[in-house]
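The values are calculated or read from the model by the stated rules, or taken from the named source; none is laboratory data. Being a predicted model, the structure only gives us computed values, none of them experimental. For accessibility, only protein heavy atoms count, side chains too; no ligands or nucleic acids. Shrake-Rupley method; radii C 1.70, N 1.55, O 1.52, S 1.80 Å.
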Amino acid sequence: MIKCWIEAMRLRTLPVSLAGVTMGVAYSVLGGSFKWLPALLCAVFAVLAQISSNFANEYYDYRAGLDKAGRVGPRRGVAEGDISPDAMRNATFMTLGIACMVGLSLIYWGGWWLLFAGIVIAAGAMSYSTGPYPLSRHGLGEVAVVVFFGIVPVNLTYYVQSGAFDLQVLLASVSVGLMGANLLIVNNYRDREEDESVGKRTLAVIYGERFASTLYLLNGLAAVALMSEALAHVQGIAIGYIVIHLVLWKFLERHKGSALNPLLGMTSMLMFLFSVAFLVYACCIR
């Protein structure tokens, strides 16, 4: 049973949330405003929010008939009968509630307006899979990832430590978001035929596999370009990312179905390591 819940958390995707927080921390280090406690709370909040979103995705996709036993992607506990729908629903809201409580503590550093930001983030975690217009079913999943796994965590992590916003941080947040969107592209590229058969309209379904694989390639290149000024004195990070990104892109183009499952972890780890490398650079020059 524990294994089923661990699978439902989708551990291989969690580096996506940590990458955004890490990038925000890197810029706070560069600006001399790093505070370890709000940074840690941001990381906990980000991971819990992503887990709740993953739980919600599994529960609401099952309810909508989009997930079935024996799917190509990683095993889904609810669809396979390992976890009851009620248990997954309860876990979704319990995890989201804990995330919200952690988020409330950040008001001490960021001010009361963060309460509104938290409400938007919580709504985003749910609207990805449910509501009157589920984003993941209408070709907007990648946009949601850019916003909630890039723009939001990077800027808010930086803000609660520095008390300000910054243009370079904003560009970096879009960069992280584009890298994160690639994870969803892999998922939707792999599941295109299954999604199309049940009426789930992802970008891969709407525009096809060629579009999806090209978008994967361009997202990675654009992500590095957005941070070209920040990486001007440490081009090795950019070059290393691009080389590995190209290898992963070719892997995407040459494989189908369940063979693409490892690419999820590789894509998420690449963006996390990119953020970590930039943090190390920030610490070294500070």
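May I ask you to evaluate 6.51 cos²θ - 1.76 cosθ + 1.60, the Karplus curve with θ = phi - 60°, for each residue of the stretch 76-82 and list the ³J(HN,Hα) values in order in whole Hz, giving x for glycine and proline?
Whole-Hz 3J(HN,Hα) from phi for the stretch 76-82: 10, x, 5, 5, 7, x, 7.
For the stretch 34-141, give the percent of accessible area contributed by carbon and sulfur heavy atoms, probe 1.4 Å, rounded to a whole number.
Result for the stretch 34-141: 69 percent of the exposed heavy-atom area is carbon or sulfur.
What are the semi-axes of the equivalent ellipsoid of the stretch 85-212, taken as the square roots of 5 times the eigenvalues of the Cα gyration tensor, listed largest first and rounded to whole Å?
29, 20, 10
Tabulate in residue order the Karplus-calculated ³J(HN,Hα) for the stretch 238-255, using 6.51 cos²θ - 1.76 cosθ + 1.60 with θ = phi - 60°, rounded to whole Hz; enter x for Gly and Pro.
5, 5, x, 4, 4, 4, 5, 4, 5, 4, 5, 4, 5, 4, 4, 6, 9, 10
Taking Rh as the Kirkwood radius, which is the inverse of the mean 1/r over Cα pairs, what is the Rg/Rh value for the stretch 199-267?
That ratio equals 1.05.
Can you pull the percent of Cα pairs in the stretch 130-286 with separation above 18 Å?
Everything past 18 Å amounts to 59 percent.
How much of the pair distance distribution for the stretch 27-91 lies past 13 Å, counting alpha-carbon pairs only, in percent?
Within the stretch 27-91, distances greater than 13 Å cover 69 percent of Cα pairs.
Based on the alpha carbon coordinates of the stretch 1-130, what radius of gyration and maximum Cα-Cα distance (Dmax) apply, in Å?
So, for the stretch 1-130, Rg and Dmax equal 16.3, 51 Å respectively.
Would you rank 35, 3 by solvent-accessible area, highest first, keeping every protein chain in place and using a 1.4 Å probe?
3, 35
How high is the relative contact order of the stretch 34-136, in percent, counting Cα pairs under 8 Å that sit 6 or more residues apart?
35
From the P(r) of the stretch 62-128, could you give the percentage of C-alpha pairs in the tail past 14 Å?
Summing the P(r) tail past 14 Å for the stretch 62-128 gives 67 percent.
Subtract the Cα-Cα distance of residue 40 and residue 64 from 0.36 nm times their separation in residues, and report this length gain in nm to one decimal.
Net length gain for the segment: 5.0 nm.
Tally up the carbon and sulfur contribution to the accessible surface of the stretch 144-229 as a whole percent, 1.4 Å probe, everything protein left in place.
61
Using Cα-Cα distances under 8 Å and only pairs 6 or more residues apart, what relative contact order does the chain have, in percent?
27
In the stretch 98-171, what is the volume of the convex hull around the alpha carbon atoms, normalised per residue and reported in Å³?
Per residue, the Cα convex hull of the stretch 98-171 comes to 87 Å³.
Identify which of 99, 204, 222 has the largest mean-square fluctuation in a Gaussian network model of the chain, with springs joining Cα atoms closer than 10 Å.
The residue with the greatest mean-square fluctuation here is 222.
Taking only protein heavy atoms into account and a 1.4 Å probe, give the accessible area per residue of the stretch 116-170 in Å².
41
What figure, in Å² to the nearest 10, do you get for the accessible area of residue 116 with a 1.4 Å probe and non-protein molecules left out?
So the heavy atoms of residue 116 present about 140 Å² to solvent.
Calculate how large, on average over all directions, the projected area of the Cα convex hull of the stretch 234-286 is; give the answer in nm² to one decimal.
3.5
For the chain, what is the Kirkwood estimate of the hydrodynamic radius, computed as the reciprocal of the mean inverse distance between distinct Cα atoms, to one decimal in Å?
Hydrodynamic radius (Kirkwood, Cα pairs) of the chain is 19.1 Å.
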